1. Ranked from highest to lowest mean number of other Cβ atoms within 10 Å per residue, what is the order of the peptides 226-237, 158-169?
2. Name the shape class, rounded, prolate or oblate, that the alpha-carbon gyration tensor gives for the chain, where a ≥ b ≥ c are the square roots of its eigenvalues, rounded holds for a/c under 1.5, and otherwise prolate holds if a/b is larger than b/c and oblate otherwise.
3. Build a GNM of the chain with springs between Cα atoms under 10 Å: which of 29, 224, 191 gets the top mean-square fluctuation?
4. Give the relative contact order (percent, whole number) for the stretch 202-324; include only Cα pairs under 8 Å separated by 6+ residues.
5. Tell me the angle of helix 98-111 to the major Cα principal axis of the chain, expressed in degrees between 0 and 90 and rounded to the nearest ten.
6. Which residues in the stretch 224-263 have a backbone N closer than 15 Å to a point placed 7 Å from the Cα of residue 207 along the Cα-to-Cβ line?
7. Take the alpha-carbon centre of the stretch 213-278, take the same for the stretch 138-165, and report the distance between them in whole Å.
8. Can you sort 21, 298 from fewest to most other Cβ atoms within 10 Å of each residue's own Cβ?
Ligand SMILES: Cc1cc2nc3c(=O)[nH]c(=O)nc-3n(C[C@H](O)[C@H](O)[C@H](O)COP(=O)(O)OP(=O)(O)OC[C@H]3O[C@@H](n4cnc5c(N)ncnc54)[C@H](O)[C@@H]3O)c2cc1C
């Protein structure tokens, strides 16, 4: 137990979410370095069938209860507290999502565990867990040691490929019954509020031309729309663009918008803040165009060019149109 790693598996409408696989990939690397084992902690209602999708873990602990069917901070925290009381792991990983952050901090406060957040990568050296965390909108990369005996780490997307952990297998499955009365939770789930997809559902679009504050002004977005049309894609954006009313919220990628998994993500004048990257759990090719060579987006981009987006967009559109004849 002392060298084990636990991962809080998130599910949404009966599916294991992408960040859970990112955490399993991270957890596997830490557990291997420590010589411990990796346990997936799966809370929910009728979720036992999902254990077979968590083959990257050595074992899965399922807590199945109607009060856990939808995310309920109080009920989920009670169930995790019951598990951790029986023996907490060396590291407990949570996703950098609204529910993951809520639970991680609640659990840490209950037990006095330290929290590292948001962590992108981990390594184990001399028995210590070292993390790389991204702070101040991605402008500061902090290295640190995850203190023990139990440390909580909140994991952001970008450091590990979720596909690495999307493997079958037959982990050992135990079912745990909550000792606390989950029905007595002080909070109740009311309803999902879906992100606006009235004009387009960007989560289903394979080519996204995404504009950020570097686009300068509203009128310049037309050039990005023209490029998107030439490439057969759609325009998406970072938050400042939506906050200024230059594009509708249906186009927002990130923590407060949509999660997207494009084949091509062309980031035009986007710095790559953790809140933006939260909406990009995976991509096939990410091309960053940003005049600041130290912008955090370059830490994850497949290709990049430190040029002015306003000069590049019309030239690129012309080239794409010419190539298509
Ligand atoms: C609770 C919370 C939720 C949030 N949710 C989201 C969210 O869902 N989505 C989201 O995106 N953000 C979100 N944010 C905001 C986030 O923290 C960042 O502020 C935001 O992502 C920054 O957007 P940006 O990259 O467009 O702007 P900036 O960080 O200002 O970056 C602009 C980039 O453009 C580059 N640039 C400038 N001019 C040019 C040029 N001519 N050519 C090329 N490059 C140029 C600059 O070098 C800079 O790197 C949230 C914040 C909070 C606190």
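Values in this text are rule-based calculations from the coordinates and carry no lab data. Note that this is a predicted model, so its numbers are computed, not measured. Note: ideal-geometry Cβ built from the backbone for every residue, glycine included; neighbour counts use all protein chains shown.
1. Numbers: 226-237: 21.2, 158-169: 17.0.
Going by the mean number of other Cβ atoms within 10 Å, highest first, we get 226-237, 158-169.
2. The shape class here is prolate.
3. Its mean-square fluctuation being the largest, the pick is 191.
4. Details: 260 pairs, mean separation 31.4, N = 123.
Value for the stretch 202-324: 26 percent.
5. So the helix axis and the longest Cα principal axis differ by about 30 degrees.
6. What the label zone holds, given the 15 Å backbone N cut-off, is 224-236, 262-263.
7. A separation of 26 Å, based on Cα centres.
8. In increasing order of surrounding Cβ atoms, one gets 298, 21.
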